[in-house]
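Trainee: Okay, here's the structure, questions in a sec.
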């Protein structure tokens with residue numbers, strides 16, 4: 001399966017789908033990038049599986065480069081038709097460890113004429129907890145350039161409030177399991193408010 005993934009990256013079989021994000025009133029607010037791989041024999045392979053496989057085999061940077069390229073292609077095409085939309089991209093913790101991530105991503109945005117302030121990077125709690133200088137340097141550079149940051153799946157894992165203070169995210173995406181509790185758990189509702 002890993003060999004197939006390597007071949008899929010080389011032959012550009014991976015895809016990015018854009019899922020609409022709407023406001024409470026139903027207005028289109030943005031688009032979230034979803035990585036997809038259609039295996040010739042196995043059909044659709046879960047991104048959780050192929051991202052984890054790339055991480056285990058230390059190929060996440062290569063996979064990440066390809067997914068960012070695909071994302072930027074789609075961002076560029078959609079931006080021409082919808083210049084006010086915000087675009088959301090998930091980054092893995094290992095991608096944040098690349099010292100040149102911010103410089104490379106900002107250069108690619110500039111080369112395509114895309115506004116950094118319309119990009120929101122979705123980060124997991126695990127990626128923020130990584131006490132590495134590259135993570136802090138990348139996030140600071142991206143934020144200075146106008147890129148927004150979102151804390152994804154808040155309510156799972158550690159869910160430390162200190163993350164909100166440290167990251168100062170523009171968006172907090174609360175995990176659905178936590179949201180589902182608000183119908184029967186007043187404490188969950190209070191925390192979410």
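Every number in this text was worked out from the coordinates using simple rules, so none of it is lab data. Computed from a predicted structure; not experimentally measured. Glycine gets a Cβ as well: all are built from the backbone with ideal geometry, and neighbour counts include every protein chain shown.
Trainee: Quote to one decimal, in nm, the extra length available between residue 177 and residue 29 on full extension: 0.36 nm per residue of separation minus the C-alpha distance between them.
Mentor: Result for the pair: 50.9 nm of gain on full extension.
Trainee: Below 8 Å, C-alpha to C-alpha, sequence gap of six or more: please give me the relative contact order for the chain in percent.
Mentor: 14
Trainee: Subtracting the Cα-Cα distance from 0.36 nm times the residue separation, let me have the gained length for residue 84 to residue 2 in nm, one decimal.
Mentor: Between residue 84 and residue 2, full extension yields 25.7 nm more.
Trainee: With a bin width of 5 angstrom, please list the P(r) values of the range 1-68 as percents of all Cα-Cα pairs, from the 0 bin to the one holding the largest distance.
Mentor: All Cα pairs, binned at 5 Å, distribute as 4, 15, 26, 22, 11, 9, 7, 5, 2, 0 percent.
Trainee: Could you tell me whether the chain comes out rounded, prolate or oblate from its Cα gyration tensor? Rule is a ≥ b ≥ c as square roots of the eigenvalues, rounded for a/c under 1.5, then prolate if a/b exceeds b/c, otherwise oblate.
Mentor: Since a/c stays below 1.5, the shape of the chain is classed as rounded.
Trainee: Between residue 52 and residue 184, what is 0.36 nm times their sequence separation minus the Cα-Cα distance? Round to one decimal in nm.
Mentor: 44.1 nm
Trainee: Return a whole-number percent for the relative contact order of the range 1-68, with Cα pairs under 8 Å and 6 or more residues apart as the contact set.
Mentor: 27
Trainee: Sticking with this one: For the range 91-193, what class follows from the C-alpha gyration tensor (a ≥ b ≥ c being the square roots of its eigenvalues): rounded when a/c is under 1.5, otherwise prolate if a/b is larger than b/c, else oblate?
Mentor: Prolate shape, in that a/c is at least 1.5 and a/b is the bigger ratio.
Trainee: Per-residue counts of other Cβ atoms within 10 Å, averaged by peptide: what ranking do you get for 61-69, 5-13, 185-193, highest first?
Mentor: Sorting 61-69, 5-13, 185-193 by mean packing, highest first, produces 61-69, 5-13, 185-193.
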